[in-house]
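Participant: Sending over a structure as structure tokens; questions will come in a sec.
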Amino acid sequence: MATVKDSHIAVLAVLIVVALVGSGFMTTGNFITNNPTPHLVDVAAISLSFPEKLDKTFFIGSATLANYGAVSVSNVKYNLLITQAATGAMVWQYEDRISLQAGETHTFELPSFDIAPGTYRAKLRVDSAYDYNEQNELNNVHEVEFTVTR
């Protein structure tokens, strides 16, 4: 038969487990972490860079994507949309896929395209197909405004 002391020990054990889960030092999964929401994937659109002056008729920029997560990802869809700043009219769109190791940051050159002088907005979005449940979905988009002159 259970005693009052046994009941107190059981209540104390439950309180300890609840405190550990609530603090983030333990999860209901199969591992211990200090992260209260232990998502393993976090891809991010870090930067876009474009020259202000065109040397030729084609325009080339660069992009940086990162995987801040604890596991590698493959075949992650990303896209770039360039619009006219004043009207929002689409000027150019590019889509591709990339693989990133855990903790990797990768900068790469974008394909060249023809663009007239003017002011534009560029939006880079990674995991644009929403294939991954990420730790931070808010870092998937990077936007810049730039002006091109000849």
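The values are calculated or read from the model by the stated rules, or taken from the named source; none is laboratory data. These numbers come from a predicted model, not from an experiment. Cβ atoms come from the backbone with ideal geometry, glycine included; neighbour counts cover every protein chain shown.
Participant: Which of the residues that make up the range 102-134 are of a type in the set (S, T, N, Q) and surrounded by 13 or more Cβ atoms within 10 Å (Cβ to Cβ)? First the steps, then the outcome.
Facilitator: Residues of the range 102-134 that are of a type in the set (S, T, N, Q), as a first pass: 105, 107, 112, 119, 128, 133.
If the condition is that a residue be of a type in the set (S, T, N, Q) and surrounded by 13 or more Cβ atoms within 10 Å (Cβ to Cβ), then T105, S128 are the ones that fit.
Participant: Another question about this same structure. Starting from the range 73-89, take each residue that is closer than 12 Å to K123 by Cα and touching a residue at least 60 places away in the same chain (Cβ under 8 Å) and list its partners that are of a type in the set (S, T, N, Q) and part of a strand (DSSP E or B), counting only C-beta distances under 9 angstrom and pairs at least six apart or across chains.
Facilitator: A85/T119; A85/T147
Participant: If you take the residues in the range 135-145 that are surrounded by 14 or more Cβ atoms within 10 Å (Cβ to Cβ) and touching a strand residue (DSSP E or B) at 6+ places or on another chain (Cβ under 6 Å), which one is nearest to I82 (Cα to Cα)? Break it down stepwise before answering.
Facilitator: Looking only at the range 135-145, we keep the residues that are surrounded by 14 or more Cβ atoms within 10 Å (Cβ to Cβ), and these are 135-137, 139-142, 144.
Add one more test, that the residue is touching a strand residue (DSSP E or B) at 6+ places or on another chain (Cβ under 6 Å), and what stays is 139-142, 144.
Numbers: N139: 19, N140: 16, V141: 13, H142: 12, V144: 10 Å.
By that ranking, first place goes to V144.
Participant: Moving on. Which of the strands (runs of 3 or more DSSP E) contained wholly in the range 50-150 include at least 3 residues that are closer than 17 Å to L40 by Cα? Walk me through how you get there before you give the answer.
Facilitator: Numbers: elements: 62-67, 73-84, 90-100, 105-109, 118-126, 141-148.
It comes to 62-67, 73-84.
Participant: Quick test of your reading of the structure: S49 fulfils all but one of (1) modelled with pLDDT of 90 or more; (2) loosely packed, with under 11 Cβ neighbours inside 10 Å; (3) of a type outside the set (V, I, T); (4) within 20 Å of T119 (Cβ to Cβ). Name the failing condition by number.
Facilitator: (2)
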